[in-house]
1. Does residue 107 satisfy being under 16 Å from the mean Cα position of the chain (by Cα), under 25 Å from residue 191 (Cβ atoms) and hydrophobic (A, V, I, L, M, F, W, C)?
2. Keeping to region 40-69, report how many residues are touching a Pro at 6+ places or on another chain (Cβ under 7 Å) and assigned by TED's automatic domain parsing to the domain that holds residue 103.
3. Taking region 37-68 on its own, how many of its residues are outside any loop (DSSP other than H, G, I, E, B) and crowded, with 16+ Cβ neighbours inside 10 Å?
4. Return the residues of region 110-158 that are under 13 Å from the mean Cα position of the chain (by Cα) and of a type in the set (Val, Ile, Thr); say none if nothing qualifies.
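The values are calculated or read from the model by the stated rules, or taken from the named source; none is laboratory data. Since this is a predicted model, take the numbers as computed values, not measurements. So basically every Cβ, Gly included, is an ideal-geometry build from the backbone, and we count neighbours across all protein chains shown.
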Amino acid sequence: MNIYLIAGGSPVNRNYFVRLIWGIVCLLYAVSPASGNLVENGEFSAPAVVGLSYYSYHENSDPPEFQWVVGGSSPGYEAVHLIRSLWTGYSGVSGDQSVAIYSSAHIDQVFFTVPGQQYRLFFGYANDPANASASGQVVVSNSLVTPLLSVSLSHSGSTYGDMHFTDFSGTFTGDGGPNMLSFFGDRDNPTTGFVVDRVIVEVVPLPPTILLLGTGIMGLLARRKRAV
């Protein structure tokens with residue numbers, strides 16, 4: 001039996017057509033991987049700060065369990081502070097840790113993406129309450145250091161009792177190679193800390209209607225196979 005494709009008009013064998021549709025259905029499911037955070041230690045819960053209000057990290061001093069690489073900083077205000085008790089992190093629960101990034105310091109982490117796949121970046125940001133406001137920048141770049149996402153942010157109104165975290169959510173397209181997520185402080189105002197917590201990078205799932213369509217096609221093919 002031949003089936004004529006509308007676009008081409010040439011006869012196509014039915015078995016070939018079935019295999020083609022089946023491949024499309026499998027592809028729909030393959031590009032909708034299971035959800036999960038691609039970022040390690042996005043809650044900044046490690047290492048646990050013990051005996052101090054915060055740990056201070058600068059370039060080449062960050063411990064492995066921190067999972068983020070600290071760059072562009074030296075001891076002093078040009079540093080990254082892992083905060084435990086000066087204020088509470090995104091959850092508002094006592095002991096919830098967050099990071100404050102000062103001056104020219106930045107934190108980076110590498111993760112891998114699938115070409116053409118959409119990803120969502122989410123995090124909460126605030127300012128060190130010691131100052132009225134703070135600015136920072138978030139960048140997702142590829143192996144050629146080309147930005148896939150780049151946003152400058154500012155925040156004001158944080159207090160030691162309530163940080164008033166603001167949610168950020170943005171999307172970018174993976175390119176199949178290693179990508180780097182970076183958070184930068186404000187080099188023009190070295191004493192103002194840009195505070196970040198609850199960092200998540202996750203796959204943007206396919207719309208449910210597309211997956212339902214795929215399920216319907218598979219069911220149709222199964223019924224046709226039984227009928228033959």
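1. Taking the combined requirement at face value, the residue satisfies it.
2. Number of matching residues: 4.
3. Pass one, region 37-68, residues outside any loop (DSSP other than H, G, I, E, B): 54-57, 64-66.
Pick out the ones that are also crowded, with 16+ Cβ neighbours inside 10 Å and you get 54-57, 66.
Going through region 37-68 one residue at a time, the tally reaches 5.
4. Answer for region 110-158, where residues must be under 13 Å from the mean Cα position of the chain (by Cα) and of a type in the set (Val, Ile, Thr): 110, 113, 138, 139, 140.
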